[in-house]
Structures are given as C-alpha cells and as structure tokens.
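Scroll down for the structure; my scribbles are underneath it.
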Amino acid sequence: MRISTTGVVVFLLAFGGRPEAAFAGGVKGKLQCPGMRDNRDAVVYLEGVPGQFPPAKQPAEIDQLKMVFTPHVLPVVVGTTVKFQNSDPVQHNVFTPSKAGNKFNLGTWPKGESKAYTFDKLGEVRLLCNVHPEMEAWVIVTPNPYFAKTGPDGSYSIANVPAGKYTLKVWHEKLKFAQQEIEVSASGEVVASPSAAR
Ligand SMILES: [Cu+2]
C-alpha cells in the first residue's frame, strides 16, 4: 500500500499536535433562571466521567472587594485550593456552615492579606463573612474539570469532553434543575438545556 505525501500532510494538518481533539466533543446550551435578575451563575457539570482529575496547581481566587465576594459563584475541581483575598480597607472574615467545607472558619484579616483553603469534598460550600451578614458566595466542588458557569444570557459551553455517557447536572443557589442523561460522541456538540422546576 502506498500513502501519498499529500495524504500524510492532510492528516497532520487535521490531527497534528492535538490528537485528543479527535476524540472529544462538547456540550453547550442555554438555561433560563425564572424569577432571577438574569440567567448567570448556574453551574453545569458532568457526572460519571472516568479518570483521575488532579486540581490545578495554581490556586483559584475569591476577592472581598467593596463588601462583595467576587466571584459570587466559583466552581472548582475537588482538591483545588482557593485563596481568599481581602481588598477592602475593613476587616473581613470567611467561614462556612456547609458540610462540604468541613464548616471551616478561616478567621478575620485586614486589607492586603489572604488565607487559603483546600476544598476536599464534593458539593456546595456556602461562604459567609461574620463581620458583614449580607456577604455571601458559593464554591461548587465538582468531580472533574468538565463544568461551566452560565453567563447573563444563560449560555454555557463545556469543551473537550471525552466521548461517553454522562449525567448533566445543574447547580443554582435558588433554583432546582432537572438532570439530563447525555451522550457525547467523539466529535460534534451535544446541546442540553435542562429547565428549572418552579
Ligand atoms: Cu466582610
């Protein structure tokens, strides 16, 4: 069998350097969050993806700025360390009543300082500040990096998902969404837009 030079070049152009791209698809959709200001801050994630998913070496970060936790919702892979920064000229505290956060209380610290916590359990972790009761944020600890957060228009996109059958779940601080079974093929995109139960 003879393989033409042109054929090899075309093959390399198509698959060179990123062989995983040939065996992965994507999941995208658009969610509606009825009764909310807009459709942002829902976390869409996949359960049942086989494999080990080490957390990023760089910590994620949540800032306390102008009396607000930013971002308000932070999805992370289990094992990820999050650095809590205080950028305000007043003292802030960070604690959680949530089991998935082992009910930590990191203490209270001034502007320019930070403390870190490593999230080692799956689930939702509600963050509060005992100095300012109106401050609230959420860390959503997921089993793998196949998650996305919706933007104001409700759209999300999860890229480079290995082919397989998974359960697509949605977390939202106030709404419950139906979960959905999906099948991702080696290429191409699955569209999944589960709806919120009222
Ligand atoms: Cu505070």
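The values are calculated or read from the model by the stated rules, or taken from the named source; none is laboratory data. Nothing here was measured: the structure is a model prediction, and the numbers come from that model. A quick note on method: Cβ atoms are made from the backbone with ideal geometry, for glycine too, and the neighbour counts reach across all protein chains shown. With ligands, DNA and RNA removed, areas are computed over all heavy atoms of the protein, side chains included. Shrake-Rupley method; radii C 1.70, N 1.55, O 1.52, S 1.80 Å.
Taken together, the residues in the range 15-48 that are open to solvent by 70 Å² or more (accessible area, probe 1.4 Å), modelled with pLDDT under 50 and not acidic (Asp, Glu) amount to 4. Only residues that are exposed (fewer than 15 other Cβ atoms within 10 Å of the Cβ) and of a type in the set (A, V, I, L, M) were counted across the range 132-168, and they come to 2.
The residue that is most open to solvent (accessible area, probe 1.4 Å), among those in the range 111-125 that are touching a Gly at 6+ places or on another chain (Cβ under 8 Å) and part of a strand (DSSP E or B), is 115. Among the residues of the range 156-179, those that are assigned to a strand (DSSP E or B) and more than 25 Å from residue 37 (Cβ to Cβ) comprise 159, 160, 161, 162, 164, 165, 166, 167.
Is there a residue in the range 123-136 that is more than 16 Å from the ligand (Cβ to nearest atom) and more than 28 Å from residue 89 (Cβ to Cβ)? Scanning the range 123-136 turns up at least one residue that is more than 16 Å from the ligand (Cβ to nearest atom) and more than 28 Å from residue 89 (Cβ to Cβ).
So the check is Cβ under 6 Å with 6+ separation or different chains; which pairs have a first residue in the range 172-198 that's over 23 Å from residue 72 (Cβ atoms) and in the same structural domain as residue 72 (by TED's automatic domain parsing) and a second one that's assigned to a strand (DSSP E or B) and open to solvent by less than 80 Å² (accessible area, probe 1.4 Å)? Partner pairs satisfying both residue conditions: none exist.
So which residues in the range 56-106 are open to solvent by less than 20 Å² (accessible area, probe 1.4 Å), within 13 Å of the ligand (Cβ to nearest atom) and touching a residue at least 60 places away in the same chain (Cβ under 8 Å), if there are any at all? Once the filter is applied, which keeps residues that are open to solvent by less than 20 Å² (accessible area, probe 1.4 Å), within 13 Å of the ligand (Cβ to nearest atom) and touching a residue at least 60 places away in the same chain (Cβ under 8 Å), the range 56-106 yields 62, 64, 69.
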